[in-house]
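First up is the structure itself, then whatever we jot down about it.
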Amino acid sequence: MKIEKAKIKLNFLDGILGSMPADPAIYTKFVAAKAPAGWLSNEEILNAEELAASKEADFDADRNVTVFPQDETGIFLYNYHIKGFLKEAGNVLKDQVKIKNLRSKLDNYVFVNPRKIYLTRPGGEIVAEEDDVLERPLRGQTARGERITLLASERVLPPVQIVFTVELIEHKEVTLDTIRAILDYGKFKGMGQWRNAGWGRFEWEELD
């Protein structure tokens with residue numbers, strides 16, 4: 001089995017927002033349940049519980065708060081955040097790159113490492129904590145009329161970057177050039193919470 005690799009750096013153009021629910025019960029039910037293996041689910045549930053406990057004084061679980069995964073080293077993204085961007089962008093660009101079922105092929109043939117991808121400053125320092133919390137109202141129609149909910153997300157502001165490795169199992173249609181084309185989409189729509197509003201946009205470069 002032939003595997004191609006590319007080391008990628010993302011330089012975020014706008015602040016990136018945390019997307020993990022601060023309430024571990026919500027995380028356990030709706031997010032960790034989607035982990036591909038039980039031990040991964042347990043790992044992330046534990047991380048969510050520890051994170052919520054460490055921020056208990058700052059966050060009220062009744063509010064709609066999203067945060068970053070964080071450990072004793074600092075703030076990070078899981079590799080599936082990157083994989084999720086590639087699949088979402090690939091689904092949008094499938095007609096441009098002329099590959100049918102691109103999302104499924106990315107899921108089966110493309111892998112991202114390491115598991116934890118730490119956010120760093122240009123000098124290499126790992127980001128230890130968020131810069132601030134962004135709050136915004138969300139309006140929605142319910143049976144009782146319009147309702148406004150306050151949403152809040154941890155935010156890390158530029159300059160900030162991440163570095164990771166993309167591994168591609170040889171495929172006759174999906175190539176590293178396909179991945180490069182998909183990454184270009186990050187200038188328009190990035191990753192993280194509220195990315196539709198432009199948060200989490202990035203430029204990328206390939207490292208030797």
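The values are calculated or read from the model by the stated rules, or taken from the named source; none is laboratory data. Computed from a predicted structure; not experimentally measured. Glycine also receives a Cβ, built like all others from the backbone with ideal geometry; neighbour counts cover every protein chain displayed. Ligands, DNA and RNA are excluded from the accessible area calculation, which covers all protein heavy atoms including side chains. Shrake-Rupley method; radii C 1.70, N 1.55, O 1.52, S 1.80 Å.
Quick look at the values:
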| item | result |
| --- | --- |
| Residue match in segment 168-180 (condition: under 19 Å from residue 19 (Cα atoms) and either surrounded by 15 or more Cβ atoms within 10 Å (Cβ to Cβ) or not aliphatic (A, V, I, L, M) (or both)) | no |
| Unmet requirement for residue 146, which otherwise passes all of (1) among the acidic types (Asp, Glu); (2) in contact with a strand residue (DSSP E or B) (Cβ under 8 Å, 6 or more places away or on another chain); (3) under 26 Å from residue 96 (Cβ atoms) | (3) |
| Elements of type strands (runs of 3 or more DSSP E) in segment 95-208, at least 3 residues being more than 27 Å from residue 66 (Cα to Cα) | 161-169, 202-207 |
| Residue that is open to solvent by less than 30 Å² (accessible area, probe 1.4 Å), β-branched (Val, Ile, Thr) and either within 19 Å of the chain's Cα centre (by Cα) or over 25 Å from residue 198 (Cβ atoms) (or both), where the choices are 133, 127 | 127 |
| Subset of segment 19-42 that is assigned to a loop (DSSP other than H, G, I, E, B) and at pLDDT 55 or above - its residue that is nearest to the chain's Cα centre (by Cα) | 19 |
| In segment 95-118, residue surrounded by the fewest Cβ atoms within 10 Å (Cβ to Cβ) [restricted to those that are basic (Lys, Arg) and under 22 Å from residue 164 (Cβ atoms)] | 115 |
| Matching residues, segment 5-18, being open to solvent by less than 70 Å² (accessible area, probe 1.4 Å), of a type in the set (D, E, K, R) and either assigned to a strand (DSSP E or B) or without any contact (Cβ under 8 Å) to a residue 40 or more places away in the chain (or both) | 9 |
| Segment 62-85, subset among the charged types (D, E, K, R) and part of a loop (DSSP other than H, G, I, E, B), residue most open to solvent (accessible area, probe 1.4 Å) | 72 |
| Verdict on residue 156 being of a type outside the set (S, T, N, Q) and either open to solvent by 80 Å² or more (accessible area, probe 1.4 Å) or closer than 25 Å to residue 12 by Cβ (or both) | yes |
